[in-house]
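The structure under discussion appears below in the form of structure tokens.
The values are calculated or read from the model by the stated rules, or taken from the named source; none is laboratory data. Small disclaimer: the values here were computed from a predicted structure and weren't measured. Cβ sites come from the backbone with ideal geometry, for glycine too, and all protein chains shown count toward neighbours.
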């Protein structure tokens, strides 16, 4: 297993930056090992909601989890506001880094992670090729 450590800077979009990394690295299969930092605003899609909700920050990025490849990504995150109130959901475009985002990714050899439309769920779901 190969690992990658990334730092994103103020103003960068968390999801778009991870998507760009996967594309530029031609990453076939990866998993988020850990992720933390801070956000000026968050965009989360809460359970069973069709659209993301944009929340004004500041927030601490407490946890980041997910899978990613150059074919797509699926990210979940937990954030906390200045009072410690927690929110969690799907990370959407619009999570803007405030001071830093520090991410460790495991590159998974001999796998290819793709996203394909699942007729049962109506979402792009994980398809694993060995």
| query | Of these, 35, 11, which one is assigned to a loop (DSSP other than H, G, I, E, B) and either in contact with a helix residue (DSSP H, G or I) (Cβ under 9 Å, 6 or more places away or on another chain) or over 13 Å from residue 113 (Cβ atoms) (or both)? | reply | 11
| remark: Restricted to region 44-53 and to residues being touching a residue at least 40 places away in the same chain (Cβ under 8 Å) and part of a strand (DSSP E or B), the residue surrounded by the most Cβ atoms within 10 Å (Cβ to Cβ) is 44
| request: Evaluate the following for residue 68: is it within 25 Å of residue 6 (Cβ to Cβ), modelled with pLDDT of 95 or more and more than 15 Å from the chain's Cα centre (by Cα)? | output: no
| request: Taking only region 111-129 into account, find how many residues are loosely packed, with under 13 Cβ neighbours inside 10 Å, part of a loop (DSSP other than H, G, I, E, B) and at pLDDT 95 or above. | output: 3
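Yes or no, residue by residue, for (1) within 28 Å of residue 110 (Cβ to Cβ); (2) part of a strand (DSSP E or B); (3) at pLDDT 95 or above:
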site: 22; (1), (2), (3): yes, no, yes
site: 27; (1), (2), (3): yes, no, yes
site: 40; (1), (2), (3): no, yes, yes
site: 55; (1), (2), (3): no, yes, yes
site: 73; (1), (2), (3): yes, yes, yes
site: 84; (1), (2), (3): no, no, yes
| message | Suppose we keep only residues that are buried (at least 18 other Cβ atoms within 10 Å of the Cβ) and within 11 Å of the chain's Cα centre (by Cα) within region 21-42. Which one would you say is farthest from residue 8 (Cα to Cα)? | response | 32
